[in-house]
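A.B. asks: Following this message is one structure expressed as structure tokens.
The values are calculated or read from the model by the stated rules, or taken from the named source; none is laboratory data. Computed from a predicted model, the values in this text were never measured in an experiment. Cβ placement follows ideal geometry from the backbone for every residue including glycine, while neighbour counts extend to all protein chains displayed.
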């Protein structure tokens, strides 16, 4: 028995068109991975405005596409789109299903709750816990497996580890034991390769990316997994992008830190034990993955306020564009300081010179590019102060160095944004497990 | 030995976790892999990134995919939602590492497979 896992989403805001190709290819599960560390912070800002938000708001769009397949019994749908408010996401999923005509079909939608540790943050002595905006643990696959076993065809979670969204259906289908470390590790490898959508099918590929077939239609990936954990990473036929040894290995090591000990809530996976075999025609086989006993603790993230930021951008033309941009940003800083605005940190970048690369960039003698964009960002403790330096940008138009342009419709300055610190912590599994719950709604 | 830029020798991908930048290099064959293991030490990477990276640099090996992994601490100005940098997630750090000049055996430099650059299509001016 081969189980096909399709990736439907790799981040909040990902494409929708490739989802149809994955569904049409025939997958047993469509898995939408919606959360990154930064996403939780974005969702927190939503929830601060409106307590009924805090989940990724494109969830209904993905559901709309998946529901016909779910209602026909051809596929199940798993997502962590619940973000920091899975209960609200579960409600939105229920409403979307009813709107799609699922009322009275007996469709079961499960919501996994319990990753939220905000109420316990003070007791856990987390950094800045008394003002935590969110505090969540990364759950593993178990509650999803529980939901699938209870007959749920749609499973909505909060902060479940990305790869665990994919291991859960494999554990459910193949009956893998929770101490079968090699199988669980194989599942994590498959999940890790699928969870970033187009990043394994030619997206962000550092090789000859310009040779991607049909690059405007880069596909989302599919994993074909066997009961022993061997698997093939592939993509729907007739789509763009490519699956090769090279695209797969770039994703294999993505964000894993120590590849011999990739920590997941259910297992520690050794990705250095994995054999990758390119079978051609966009099929790469994985085998031999080894695993070790799961970590004693769960990882969590706690988010706390970290001040306010503003920024401005000014672009100057040749000649001496870099010198002009540097002088202009210097004026903005000097005038802000002269006005007594307390700025805690400044950050300068010069695009066209070394804006991203900083000290890694070699700048040739006499380098005089056609234009240089200077970007100045600053941090203050309060919102009003963060708005202040951008006002000086307009002054540069008539009273700065010659040849400023390209300020754009925003006039060169941005509205202040709140900065958030997101810090990792470890927590005893029992504390989290005791509050995890699977709620099932039936249509 | 020949001096060569990593961009001509390796593929690379980067990502982030908190204030950590996580960069992988990928060699195309065993001799290239051996060469970058010698040339691209954590110390070299730390020096290359200079003031962009305030913490230590760790290195890991994944020989099954000819991969060399670098974990750069305190590398993103405080982490994605806290950083003042336009590249708050370090999405350009793989390219920044590929700028590095290294000394490799002559045959490795001659066999380097990544010298081709993307074609640029400009409309007539």
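A.B. asks: In the set A:397, A:366, A:330, which member is under 30 Å from residue B:44 (Cα atoms), more than 11 Å from chain B (Cβ to nearest Cβ), out of contact with any helix residue (DSSP H, G or I) (no Cβ under 8 Å at 6 or more places or on another chain) and surrounded by fewer than 17 Cβ atoms within 10 Å (Cβ to Cβ)?
C.D. replies: A:366
Okay, residues lined up against (1) under 21 Å from residue A:163 (Cβ atoms); (2) touching a strand residue (DSSP E or B) at 6+ places or on another chain (Cβ under 7 Å); (3) surrounded by fewer than 23 Cβ atoms within 10 Å (Cβ to Cβ):
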| residue | (1), (2), (3) |
| --- | --- |
| A:10 | yes, no, no |
| A:37 | yes, yes, yes |
| A:42 | no, no, yes |
| A:53 | no, no, yes |
| A:58 | no, no, yes |
| A:82 | yes, yes, no |
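A.B. asks: Run down B:83, B:123 and say which single residue is assigned to a loop (DSSP other than H, G, I, E, B), more than 7 Å from chain A (Cβ to nearest Cβ) and modelled with pLDDT of 95 or more.
C.D. replies: B:83 is the lone residue from the list that is assigned to a loop (DSSP other than H, G, I, E, B), more than 7 Å from chain A (Cβ to nearest Cβ) and modelled with pLDDT of 95 or more.
The rows are residues; the columns are (1) over 27 Å from residue A:263 (Cα atoms); (2) at pLDDT 95 or above; (3) not in a helix (DSSP H, G or I).
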| position | (1), (2), (3) |
| --- | --- |
| A:44 | no, no, no |
| A:47 | yes, no, no |
| A:56 | no, yes, yes |
| A:93 | yes, yes, no |
| A:104 | yes, no, yes |
| A:111 | no, yes, yes |
| A:122 | no, no, yes |
| A:130 | yes, no, no |
| A:143 | no, yes, no |
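A.B. asks: Of all the residues that make up region B:89-102, how many are part of a loop (DSSP other than H, G, I, E, B), more than 10 Å from residue B:21 (Cα to Cα) and more than 7 Å from chain A (Cβ to nearest Cβ)?
C.D. replies: Summing the residues that are part of a loop (DSSP other than H, G, I, E, B), more than 10 Å from residue B:21 (Cα to Cα) and more than 7 Å from chain A (Cβ to nearest Cβ) in region B:89-102 gives 1.
A.B. asks: Does residue B:7 fit the bill of being within 11 Å of another protein chain (Cβ to nearest Cβ) and assigned to a helix (DSSP H, G or I)?
C.D. replies: yes
A.B. asks: Limited to region B:18-55, what total is found for residues that are surrounded by fewer than 16 Cβ atoms within 10 Å (Cβ to Cβ), assigned to a loop (DSSP other than H, G, I, E, B) and either more than 13 Å from chain A (Cβ to nearest Cβ) or touching a strand residue (DSSP E or B) at 6+ places or on another chain (Cβ under 8 Å) (or both)?
C.D. replies: Total satisfying the criteria: 2.
A.B. asks: Which one is nearest to the other protein chains (Cβ to nearest Cβ) among residues in region A:197-212 that are outside any helix (DSSP H, G or I) and touching a helix residue (DSSP H, G or I) at 6+ places or on another chain (Cβ under 6 Å)?
C.D. replies: So the residue we want is A:207.
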